[in-house]
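The values are calculated or read from the model by the stated rules, or taken from the named source; none is laboratory data. None of these values were measured; they are calculated from a predicted model. All Cβ positions, glycine included, derive from the backbone under ideal geometry; neighbour counts span all protein chains shown. Calculation scope for accessible area: heavy atoms of the full protein, side chains included, ligands and nucleic acids excluded. Shrake-Rupley method; radii C 1.70, N 1.55, O 1.52, S 1.80 Å.
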Amino acid sequence: MNQAILLSSNADNIDFMIHGIFSLHVFGQEVWITTSHACILIIMALMVVFAIVANRKIKKAKEVPDGFQNVIELIVEMLDGMVESTMGKWAPRFVNYISTIFIFILMSNISGLLGLRPPTADYGTTLALALITFCMIRFNKAKHQSAKDIWVGMCSPLPPWLPLWTPINIISEIAVPISLSLRLFANVLSGTVIMALVYGLLRIIAIGWPAVLHVYFDLFSGAIQTYVFCMLTMTYVTQACDTDE
Amino acid sequence: MDISGQDLIRACSAIGAGLAVIAGIGPGIGQGIAAGHGASAVGRNPGARGQIMSTMLLGQAVAETTGLYGLVVALLLLFVHPLG
């Protein structure tokens with residue numbers, strides 16, 4: 001087997017890179033529409049169709065739920081319970097957003113099963129999600145805490161008149177979106193890379209049994225990372241909302 | 001056989017990538033400790049199995065992050081060639 005195969009990123013049988021589909025020229029810049037965009041659009045279309053069908057069904061809801069209504073109620077109750085148990089009294093305000101990103105990230109992670117390249121294995125997607133979380137933390141902090149409290153929190157281990165520790169605290173605040181996005185990105189990317197190596201290097205031997213790896217890397221790891229992302233988002237936002245520590 | 005500067009950089013990048021994934025040791029030990037304590041907690045209180053399980057998995061997933069940073073660095077060195 002060719003040993004230089006792992007070193008060349010354009011080896012034709014190992015393929016886990018993002019591909020451009022077509023490019024647009026916007027204000028003199030070349031903007032590529034990639035496989036990540038296509039995959040996100042597919043997932044969005046699925047979510048929109050599911051939402052419309054669920055809406056139709058729930059409008060004619062029966063007293064004793066049947067078939068599809070059972071599924072909808074199961075999903076909504078599970079997500080409600082998850083948000084409620086972490087955020088407490090702030091749950092009603094954020095349950096819509098958290099549920100949406102939960103379903104979106106979960107479907108992105110398991111889209112590797114359908115032969116798509118998971119959009120969460122593109123740093124652009126996860127950074128965007130983490131930046132939304134960062135903006136929510138900052139906004140809620142500014143809304144629920146006074147400027148004095150924020151300043152005291154910024155100088156945290158030292159008294160507020162001695163802001164020596166402030167740069168460290170600012171760095172740790174900026175590290176939040178970076179670590180959130182890199183965690184999700186690296187987990188999904190590692191699964192994608194390992195699956196690409198298995199299929200690319202073993203070729204004929206890789207029949208049937210990689211399904212076990214798919215169950216671990218796509219389903220298990222994807223679900224765990226989805227849960228972790230939503231859990232950390234909820235924890236950070238709840239911390240920002242709670243004024244009395 | 002001539003070794004150009006480009007080849008040397010590629011070779012050293014590969015060695016660096018191998019060194020970077022040594023970062024996997026830390027999360028391995030940490031996850032093992034978490035799993036061991038989870039097992040002993042289930043042994044002491046089998047009723048709380050589900051809750052212990054989810055807490056353990058959450059902690060392990062967070063602890064995994066540092067190892068994955070090493071993986072990201074290795075992949076960057078191998079496939080993006082940041083050094084040329």
Review point. Quick one: what pairs do we get from the stretch A:97-118, first residue touching a residue at least 24 places away in the same chain (Cβ under 8 Å), second part of a loop (DSSP other than H, G, I, E, B) and surrounded by 22 or more Cβ atoms within 10 Å (Cβ to Cβ), C-beta under 6 Å, 6+ apart or different chains?
Key: A:S108/A:P118; A:N109/A:P118; A:S111/A:P118; A:G112/A:P118
Point to revise | Qualifying positions in the stretch A:213-222 - at the interface with chain B (Cβ under 10 Å from one of its Cβ atoms) and small (G, A, S) | key: A:S221
Exercise for review: Could you list, in sequence order, all residues of the stretch A:195-212 that are surrounded by fewer than 16 Cβ atoms within 10 Å (Cβ to Cβ) and within 13 Å of chain B (Cβ to nearest Cβ)?
Suggested key: A:L197
Study note, to complete from the structure: Within the stretch A:172-193, residues being more than 10 Å from chain B (Cβ to nearest Cβ), touching a helix residue (DSSP H, G or I) at 6+ places or on another chain (Cβ under 7 Å) and over 15 Å from A:S108 (Cβ atoms) number 2
**Study point:** Members of the stretch B:63-84 found to be aliphatic (A, V, I, L, M) and crowded, with 17+ Cβ neighbours inside 10 Å, listed by number
**Key:** B:A63, B:L68, B:L71, B:V72, B:V73, B:A74, B:L75, B:L77, B:L78
Review point. A:S108 versus (1) within 11 Å of the chain's Cα centre (by Cα); (2) open to solvent by 70 Å² or more (accessible area, probe 1.4 Å): which is the lone unmet condition?
Key: (2)
Study note, to complete from the structure: Residues of the stretch A:217-237 being surrounded by fewer than 18 Cβ atoms within 10 Å (Cβ to Cβ) and farther than 15 Å from B:Q60 by Cα, in sequence order, are A:L219, A:T235
**Study point:** Condition met for A:V228 (at the interface with another protein chain (Cβ under 10 Å from one of its Cβ atoms), among the β-branched types (V, I, T) and in contact (Cβ under 8 Å) with a residue 12 or more places away in the chain)
**Key:** yes
Exercise for review: Any chance you could count how many residues in the stretch A:4-26 are open to solvent by less than 50 Å² (accessible area, probe 1.4 Å), away from every other protein chain (no Cβ under 14 Å) and modelled with pLDDT under 80?
Suggested key: 1
Exercise for review: Pick out the one residue from A:V71, A:V83, A:V31, A:V64 that is surrounded by fewer than 14 Cβ atoms within 10 Å (Cβ to Cβ), part of a helix (DSSP H, G or I) and of a type outside the set (K, R).
Suggested key: A:V71
Study note, to complete from the structure: Apart from one, (1) touching a Phe, Trp or Tyr at 6+ places or on another chain (Cβ under 9 Å); (2) loosely packed, with under 13 Cβ neighbours inside 10 Å; (3) in contact (Cβ under 8 Å) with a residue 24 or more places away in the chain; (4) not aromatic (F, W, Y) all hold for A:T243; the odd one out is (1)
Practice item. Output the helices (runs of 4 or more DSSP H) that fall wholly within the stretch A:136-245 and possess 1 or more residues being more than 23 Å from A:I14 (Cβ to Cβ), or say none. Key: A:147-154, A:166-202, A:221-241
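At least 1 residues that are more than 10 Å from every other protein chain (Cβ to nearest Cβ) and in contact with a Pro (Cβ under 6 Å, 6 or more places away or on another chain) in each: list the helices (runs of 4 or more DSSP H) lying fully within the stretch B:1-80 that qualify. Step through it out loud before you land on a result.
Numbers: elements: B:5-20, B:25-44, B:49-75.
Qualifying helices (runs of 4 or more DSSP H): B:49-75.
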